Structure formats: structure tokens, C-alpha cells
1. Going by what's in this entry, would A:Ser201 be described as more than 10 Å from every other protein chain (Cβ to nearest Cβ), in a strand (DSSP E or B), crowded, with 22+ Cβ neighbours inside 10 Å and not hydrophobic (A, V, I, L, M, F, W, C)?
2. Since B:Gly127 meets every condition but one in (1) on the phi > 0 side of the Ramachandran plot; (2) away from chain A (no Cβ under 13 Å), which condition does it not meet?
3. Can you tell me which condition A:Leu236 does not meet? The list is (1) more than 14 Å from every other protein chain (Cβ to nearest Cβ); (2) more than 26 Å from A:Arg73 (Cα to Cα); (3) not small (Gly, Ala, Ser), and all the others hold.
4. What single numbered condition from (1) touching a residue at least 60 places away in the same chain (Cβ under 8 Å); (2) touching a helix residue (DSSP H, G or I) at 6+ places or on another chain (Cβ under 9 Å); (3) within 14 Å of another protein chain (Cβ to nearest Cβ); (4) not polar (S, T, N, Q) fails to hold for A:Leu188?
5. Just to be sure before I move on: is A:Arg50 within 18 Å of A:Gly185 (Cα to Cα) and either surrounded by 14 or more Cβ atoms within 10 Å (Cβ to Cβ) or at pLDDT 95 or above (or both) in the structure I sent?
6. Select from the stretch B:283-315 the residues that are among the β-branched types (Val, Ile, Thr) and either closer than 21 Å to B:Leu23 by Cα or assigned to a helix (DSSP H, G or I) (or both) and list them in ascending order.
7. Give the residues of the stretch A:84-107 that are at positive phi and in a helix (DSSP H, G or I), sorted by residue number.
8. Would you please name the residue that is surrounded by the most Cβ atoms within 10 Å (Cβ to Cβ), looking only at residues in the stretch B:206-254 that are in contact with a Lys or Arg (Cβ under 9 Å, 6 or more places away or on another chain) and assigned to a helix (DSSP H, G or I)?
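The values are calculated or read from the model by the stated rules, or taken from the named source; none is laboratory data. The shown structure was predicted, so the numbers you read here are calculated from the model rather than taken from an experiment. Using ideal geometry, Cβ is built from the backbone for each residue, glycine included, and neighbour counts are taken over all protein chains shown.
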Amino acid sequence: MSALQVHVEGIGLWSPAWGDFAALKAQLQGLPVDAPSARPAAATLPANERRRAPESVLLAVEVAGQAVAMSGRAASELPCVFSSAYGDQLISDYMCATLASAPAELSPTRFHNSVHNAPAGYWTIATGCQALSSAISAGRATFGAGLLEAATLSLAEQRAVLLVCSDIAGTGPVGEMSATGSSFGFALVLSPTVSSGTLASLAIELEPHADHPLRPAPATGEWYETNPIAASAWPLMQNLAAGQGHCTLAAAETLALRVVLETLA
Amino acid sequence: MSVPIQPLAVSAYTVTSALGQGLESHLAALSSSHGGLRENDFSSAPLACWIGRVDGVEEAELPAAHASWECRNNRLAWLGLQQDRFLEQALDARLRYGAARVALVLGTSTASIGATEEGYRHLDADGRMPAELRRPLIHAPHSLAGFVAESLGLEGPCLTVSTACSSSAKVFATAERLIRLGLVDAAIVGGVDTLCDSVLFGFNALELVSPEPCRPFDQARRGISIGEAAGFALLERVEHAPHAPRLLGYGESSDAHHMSTPHPEGVGAELALRDALARAGLRAEQVDYINLHGTASLKNDEVEAALIARAFPATTRASSTKGFTGHTLGAAGILEAVFALLAIRNNMVPGNLGCTDPDEACGPQLALQSEQRSVNVALSNSFGFGGNNACLAFGRAPA
């Protein structure tokens, strides 16, 4: 099977340690980096929406905004794929706790913010994007499945596509189930063609029946192990910072993606 | 504008809802205008409304090998998979193509959140999830697709689409792209959503739940009735099932308007419709039947009725089937895709149960009673929170 070739035009990144992709690159080069503010700025949202939006939306919109700004493309023209393993766990915890104690008091706003496509909704409303938007999930393969969905969409439709992968830290009994201890978001603008805006090119190949390589390694205490997106995306993020390299990541339980990254000289 | 796609064969399909288990019970109910709604006997606290509950879910125990996935949503999935020989046909596709060459793309809005809710009602002495529910896989949106992939032994791309009430319509689009690019040879698509407190009390908080059985497009409609359903379809290239009905096209769009109300002029809904017609290479007058989103919410029905009235001739028939099943949320896309396929298979337009005095925005297309007439092309509309729209186009195989 021939590889799926897509080209990265924009990168967005937010973690408690790095507020954008430049900060990650600086740190990998041994330079000092300031941590971002505790709440992602999500400047793409109008101020009133930013106050009301739940944390999952702020995180997704922050990295989406960074990636689209770097690409120089108009957000309104980009079909978008939002991928998250757990959605808004703070709202899940609130809703399940409220339903257990006083169901009739459930907040209507938190309910409509609880849909998995809330980040996609806020984003398309803020940017006037009427192209297709999707919201997906795939367990610990959520990042790889998102990359496959976005690359497939970009190549099938021959359009640039925004991919946003993010999960916030969990809380309460549901947070214990997800074991997500930190927030992390990562976004890419992917194009089917090389252009002057190409930052790096990805050749993606499916590797089925990849049982052993996809089994989670024993925990080592690294920061990225506390977030399902970070744990999957960390090798590709390092390759993007280095401008080259290859990695294997999970797209499903036993389906691997081999991603070879090259930068045009 | 989108370019036409190669149609795909829908070589197997099935559905389970408040109308019963499998295609024949649905056809019988639609033909005889027997709805499946009942007074709410589900929520953990009283709530005066009507629901579309599936009988027999509680008894559909999962096989012991998959017991770690036990929850009501996966029981409904398991019950649904066993109707209309779908399970056998899915396993046959896996044999013919190989486990890694069959994609699984399922839609759900709440997955097994019902199990998470149950856990919170019975937290242990330390305030943690009770021991029998301390199973992380079921407390995540991917619970449904994870379970179905394991139970069918599939090893290809596996994805949960969760865009509220358009979820299990959009799965057809994702599957078509995977097949078009040659990454897989077939795809199992579908969706499952079960009743849970989150949606019953959530829609109630939004004042969208009707105190009586829902009445889509009626002037006196008072909101939605929530239901549950499981449905599945097998997609493959037409040469492998030349006589099967076909997925002709699909459209997807965003309203870019509001999180919980549709665009007042139906801009996003019309974009999805035009996208579907363009991919299918169809003109509006070639459409025989449209299964409408028709939730019976004030806003949705007004906007959708106006869209149908302005975009289609009177010869196109249209109806919402939510008066039969309730609004099955993330499963509505697949349930109503199957209704479109049944309309083609049986040359039958389902009636719009619950509507006696149509909203003045309705055009002459609305079919209040079921009709026997030739149906060669049928559409299905699905719109979700966040302004997320999808439209599917199906057609009869050429003679």
C-alpha cells in the first residue's frame, strides 16, 4: 500500500509547561522557557464566549488558533476534526454528581457544553466556518485515529484540514477512571499539496496486526504519560521540532501508523 | 462544490429501536402507523415525559469473553448486532477481506455514560467508583466501538464519531473516504445510544422535552421525546454486491451559528443537502423520499420545513419518523438511514406520526400517512448540537 502523503502547514501546542510549539522547540534546544498561564487564552473566541466556555473548549480552541495562524489560512475555509479521548471530564463529573443528587437541577448550559463536539461547535461559530466539522474518539489511539481521519479527509477531498487533538485533566471518580492527570492539546493544519507554507511532510503508512509494538510500555513517570494525547503525540512532536524522524503510533487497538517526517531543504 | 462519488453497496443493514428488533418489526410498525413511545419508566428520578425504550436490552447479556465491556449501551449494541443476520454478515466480510481491511466507524452521543451515572449513584465509602464498575474502558466515549471491534474481531481503522445527533450519519462519510483511498475494502458503520439520565434531564433543563408523545411538524408540537436505538450497516464496493441498495452520496456542514439552536435560515442544513446531492450526482426532483430530522422541537421543525418546501417539488415526499421511535440522538443517523433504505426496499413512504395540523412552514411534501409509491432515491437528514449537519443519499441498485 502506498503511503498517505500530507504536508504540515501549522502546529499548535499547549501544555502546562509550554504555551506553544516555539516553546517546545526552545526547551528541546536547552533554552529557558516560561510556563504559560494556567488557563489557555483561546483568543479566537469572542470575550463573552471565552468566559462561558468550558476548559475543554479553551484548550482545543487555543491550539487550533495557533495552528491556523501559523498556516496563514482562513479558519472559515478549513474542514476540522476534533479528537479527544474523554471530552470534557469536568462536565462529566459535574453532571454525574448532580444527576445522582438533584437531577432536576442540572444546568442547561453545562448540558449543551457536554457534547463531545462542543469544541468543534464553539470553533466553527467563532470562525464562521461552515465546512464540515467532526468530533471523534478512539481510546488510547485517539491521536493516531485523529491523524488518520484528518489525513484521509484532506486527501479524499483535496483540501487543507485542521486537526485538533486535546484532553483536559480529569477529576472525581470519572477522572480516576481516565487517569488523565494533565491537560494537553496539539493541532496541525494538514494540506494535500506542497506549498511555500509547508513546514514538514508526513508519509503515513498503515501497519495492521501490530499488537506488540502498540502495547503501552511500563510507566516511567514521564510527564506525557499522564495525558492520552501527549502520550501518543510526543514522538511526532519531537520529530516536528527536529525537522525529521519517524515514529509508530496507535490508530486502533492493533493498527499502527508509521509516520515518516521529512522537511524540504 | 463536491464532485460525485462512486456509489457503495449497503450489502447488509439492521436496526433495533422502540419499534422492535430487526427490520421486519420496523416495517410492520411504519406500515400500520403503530408508534413505540411509552410513558417514562426509565429515569432514576421521576420525569413526566414519553420515551422510546427498547424492550429486552437488560436481558441481552454480553458473552463472557467480553464481560469487561458490560453496560446497558453495549447490551443494546449486542442485541442489535444479532438481528437480521447482521453479525454473520459482518463476520463473513471479515473472512472475505481480512480483519485489517474492514473499518469500524460508529456514532454515539453518550456511549455508556449511563454506567458512569450508575457509578456515581453508588460510590463506595471512599467516594470512588464502586468495584464492579471500576472498568475504565466503559467510562469513555469509545466504549461502544471498542466493544464492537473486539466482539467482531476487527483490526482495521476503528473510530467513534460523536457529533451529537448527527453522529451515526457522519459515519457513512468517514467510511466512504477510507474505502475510496483504498485503506480498507469494507466498513461496518452504525451507532448506538441508550436512554440515560444525562439526556433525559439535560434536554429537560433546556426545556426541549415534550410532556406528551412528540408531534413532529405539528403546529401544537411541544418538544422532543427521547428514544434509544442500535443500527448497523455493511458498506463495500458495488461489484461485490451489485443488487444491494447504494449509498449514493453524503453531505456534511456546520451552521457556525449557535450551540443549541439551528441557523434560522437553515444555511448549514441546506449546505449539507446540496453537498449530498452533488456527490450523488442528483437533482432535487429525482428525490422520491426524505426522512427528515424532524425532532418536534419548535425551531428545528420550522427551519427544516422551510428548507424542504423551498428546495423540493411536491412530488418529493418527506416525513419525520421520530413520532414512532422518539429522537434516538446519536443513533438517529443510522436508524433513519435504515428507514430510507426500507422505503426503497418496500416502495413505502412512512407517515409522519403525531402530526395532524402541519406547521404553516410545511410544504406539500409532508406525508402525514404512510404511502405505497415508487421510491428509488431517498435522503436522510441529521442535525446536531453545535450546528453539526449531515445528509445521506441512498438509491436502489440499477435493474
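1. no
2. Here B:Gly127 meets the rest and fails (2).
3. (2)
4. (3) is the only condition that A:Leu188 fails.
5. Considered against the rule, which asks whether it is within 18 Å of A:Gly185 (Cα to Cα) and either surrounded by 14 or more Cβ atoms within 10 Å (Cβ to Cβ) or at pLDDT 95 or above (or both), A:Arg50 comes out as yes.
6. B:Ile290, B:Val303, B:Ile308
7. none
8. B:Val238
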